[in-house]
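Structure first, commentary second.
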Amino acid sequence: MTAFTRRGFVTAATATLAAPGLLRAADAPVKLRDLYTRTGEFSDLATSLEGTRIAVDGFMAPPLKAESRFFVLTKMPMAVCPFCETEAEWPDDILAVYTKRIVDVIPFNVRIVTRGLLELGAYRDEETGFLSMVRLDDAVYDRNG
């Protein structure tokens with residue numbers, strides 16, 4: 001039988017009170033920079049979240065084409081599309097986002113939160129030719145977070 005101690009009670013009570021805060025922290029948007037190491041590799045956080053639904057905040061870059069189910073999320077507002085041609089040139093401050101529905105374009109200078117399934121590794125979109133190294137699939141987005 002386990003003896004009841006004041007220390008045990010305080011530890012259990014603290015853990016119980018902290019748990020809701022930990023759950024909220026897990027739902028908090030991931031920063032684009034946290035998906036990469038300083039050397040441009042995927043971070044431990046990125047690899048641990050691969051295949052799960054995450055939230056990422058940023059700005060919608062101008063779309064590559066009208067009536068698309070795809071857009072690029074950027075760390076900073078960009079008036080022009082920031083995509084690259086090769087894997088070696090892939091910047092660590094953008095994220096390809098694939099949605100179920102046609103994208104309702106939001107002005108490039110309005111912050112949004114995007115939620116979707118995190119996928120890592122090279123992928124070239126057949127329709128647009130856009131090459132991504134990291135992307136959200138089955139994504140939704142909104143202005144308010």
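Just so it is clear, none of the values below were taken in a lab; they were calculated from the coordinates. Please read these numbers as outputs of a predicted model, since none were measured by experiment.
Based on the Kirkwood radius over alpha-carbon pairs, what value in µm²/s does the Stokes-Einstein equation return for the translational diffusion coefficient of the range 30-142 at 25 °C and 0.890 mPa s?
On the way: Rh = 13.9 Å.
The diffusion coefficient I find is 177 µm²/s.
Which lysines have a Cα less than 20 Å from the Cα of K65, not counting those fewer than 8 places away in the same chain?
The reachable lysines, counting only those whose Cα sits under 20 Å from K65, are K100.
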